[in-house]
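Below: one structure, written as structure tokens.
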Amino acid sequence: MQALGAIDRPAAVSAMNAINRVILRSAFMPLFLGSSLSSLALAIIAFARWDEPGSGAMLAGGVIYLVGMLFVTMRFNVRLNNVLAASDPASDAASWSNYLDRWTRWNHMRTLACTAALILFIVAIIGSTVLRSLFGRPLGSALTGTGVRVLAYIVSSVLGLAILAFIWLA
């Protein structure tokens, strides 16, 4: 966003509108929707297994992700993008400056929410038996206890970093 703020306003508005059009048909959308559905599923599982260790962190992570990423995106960033798309790229500098400031602020909020959710999911994985009970015995004795936690930690870290990278670069 700093790069867009540093170039000619009509070019920056055109570039941002192009980014917003392309992202709707990119690999970002399945990841965006999939991570939201995954977070919802984790929150539901945590609620259903409330008595198990790590459930609170998993529920909090799911809710924070849904509110801080999905809701903020739809309520603020997408609305700002729609207003920008309907505007004249040569319009006054104040409207572009306002868009840039507000969009960036909400994007930082999404980044913080994703980071907090990732940390809470990791805490839930490390401190719980929920994941192990989801996998059951079919994974065999090679992936019980610590093995499942390490595998889950690696998978969640990679997915979390991918989500953060997409949000940061979007």
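Size of the dipole of segment 1-96 about the Cα centre, Lys and Arg at +1 and Asp and Glu at -1 on the beta carbon, nothing else charged, in debye to 20? Please report the intermediate quantities before stating the final value.
Details: 6 positive and 5 negative charges, 35 e Å.
That gives segment 1-96 a dipole magnitude of about 160 debye.
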Per-residue HN-Hα couplings for segment 48-58, Karplus 6.51 cos²θ - 1.76 cosθ + 1.60 at θ = phi - 60°, whole Hz, x for Gly and Pro?
5, 10, 4, 7, 8, x, x, 5, x, 5, 5
Putting +1 on Lys and Arg Cβ atoms and -1 on Asp and Glu Cβ atoms, find which of 59, 109, 18 reaches farthest to the positive end of the dipole of segment 1-140.
59
Residues of segment 100-127 with amide nitrogen under 17 Å from the 7 Å Cα-to-Cβ point of residue 17?
100
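Every read-out reported here was derived from the displayed coordinates using simple, explicitly stated rules and does not represent laboratory data. Given the structure is predicted, the values throughout are model-derived calculations rather than measurements. So basically every Cβ, Gly included, is an ideal-geometry build from the backbone, and we count neighbours across all protein chains shown.
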